[in-house]
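As structure tokens, the structure follows; a few thoughts come after it.
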Amino acid sequence: MKTNLYQKAIFLLSVAELEQLPPDQGYEVVFAGRSNVGKSSVLNQVTRNKNLARVSKTPGRTQCINFFGLDAHKRLVDLPGYGYAKVPVEMRKKWENTIADYLRSRTSLRGLVLVMDIRHPFTELDQQLLAFCQHYDLPVHIVLNKADKLTQRELTAAIKTADKALVNYADTVSFQGFSAKTGTGLRELCQLLDKWLQL
Ligand code: GDP
């Protein structure tokens, strides 16, 4: 596990328009999820850097695609959280088009980490994103976050639910339990990132 490299993550840039994307070279993994599922906290755990994902939350950047460099050829990417009801429809549409274009055209993109709240997984928008990724052959790894909030029995039930929800998806979709609070599941997630980023 090359976790040291994740700790070297530095903020590169915030992108609102596709024309501003960094050169499409090397390897990239993108993080997506509904607002408040703990996507920033997961990124903080992976990089061991509390300030990193905070960057994505600063005013003006919350609707941007934020890029973090690990080295000259590898990047982690943070998408804006979705499903936030107060975002005006027009803005949401523009966002969806920009993100969709990015996801389907980005050659360096190796996979998408889809963070969900383990207590409320597979929302309508999560399912839409999953179907979209499947359509474009983009591998997805689902991180069922906030597992610390469940009992062992609830955890087993949640794993079963995920198995069922994914029954019609290709084996390019995987999932795991996780807790950004305790660090449970971090090793498994980093191993997957290592694989995608060719570390
Ligand atoms: P984001 O909007 O998806 O980036 O979510 P944040 O990372 O800001 O987290 C939203 C809230 O959930 C915060 O209050 C976090 O402290 C909390 N949170 C995030 N991950 C976990 C977790 O694994 N366990 C628990 N108990 N709380 C979490």
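Rule-based calculations on the coordinates, nothing more; no lab input. No experiment lies behind these values; they were computed from the predicted model shown. Using ideal geometry, Cβ is built from the backbone for each residue, glycine included, and neighbour counts are taken over all protein chains shown.
Round to a whole angstrom and tell me the spacing of the C-alpha centers of the stretch 3-72 and the stretch 80-118.
Centre-to-centre distance over Cα atoms comes out at 13 Å.
Could you give me the ³J(HN,Hα) list for the stretch 107-119, computed from phi with Karplus coefficients 6.51, -1.76, 1.60 and θ = phi - 60°, whole Hz, x at Gly and Pro?
5, 6, 6, 9, x, 10, 8, 9, 8, 10, 7, 4, 7
Quick one: grab the alpha carbon gyration tensor of the stretch 1-46, order the square roots of its eigenvalues as a ≥ b ≥ c, and give me rounded if a/c is under 1.5, else prolate or oblate depending on whether a/b is larger than b/c. Walk me through the intermediate numbers first.
Values: a/c = 2.19, a/b = 1.17, b/c = 1.86.
Since a/c reaches 1.5 but b/c is at least a/b, the shape of the stretch 1-46 is classed as oblate.
Subtracting the Cα-Cα distance from 0.36 nm times the residue separation, let me have the gained length for residue 62 to residue 10 in nm, one decimal.
Values: separation 52, 0.36 × 52 = 18.72 nm, distance 1.75 nm.
Length gained between residue 62 and residue 10: 17.0 nm.
By how many nm would the segment from residue 134 to residue 156 grow when fully extended, if each residue of separation counts as 0.36 nm and the alpha-carbon distance is taken off?
Result: 5.3 nm gained on full extension.
Show me, for the stretch 36-50, the HN-Hα J-couplings you get by feeding each phi into the Karplus relation (A = 6.51, B = -1.76, C = 1.60, θ = phi - 60°), rounded to Hz, glycine and proline as x.
Taking θ as phi minus 60°, the curve returns 6, 6, x, 4, 4, 5, 5, 4, 4, 5, 4, 8, 6, 9, 5 Hz for the stretch 36-50.
With the crude spin-label approximation of a point 7 Å out along Cα→Cβ, what separation in nm comes out for residue 163 versus residue 36?
3.1 nm
Go through the stretch 9-24 residue by residue and turn each phi into a ³J(HN,Hα) via Karplus (6.51, -1.76, 1.60, θ = phi - 60°); whole Hz please, and just put x for glycine and proline.
Couplings: 4, 10, 5, 9, 6, 10, 10, 9, 10, 4, 4, 8, 4, x, x, 7 Hz.
Tell me what the chain gives for mean residue ellipticity at 222 nm when only DSSP H runs of n ≥ 4 count, each as -39,500 (n - 2.57), the sum divided by the residue total, rounded to 500 deg cm²/dmol.
Taking each H run of at least 4 residues, the total per residue is -10500 deg cm²/dmol.
Given a Förster radius of 22 Å and the C-beta distance between residue 90 and residue 20 as r, what FRET efficiency does 1/(1 + (r/R0)^6) yield to the nearest 0.05? Numbers along the way, then the final one.
On the way: r = 20 Å, r/R0 = 0.93.
Result of the calculation: an efficiency of 0.60.
Below 8 Å between Cα atoms, with a sequence gap of 6+, how large is the relative contact order for the chain in percent?
26 percent
For a quick check: with amide H placed at 1.01 Å from N, whose amide H comes under 5 Å from residue 8's, ignoring anything fewer than 5 positions away on the same chain?
none
So what are the three principal axis dimensions of the chain from its Cα atoms, in whole Å, longest to shortest?
Principal-axis extents of the Cα atoms in the chain, largest first: 47, 40, 32 Å.
Using 0.36 nm per residue, how much length does the chain from residue 127 to residue 188 gain when fully extended, once their Cα-Cα distance is taken away?
Full extension of this stretch gives 19.7 nm more.
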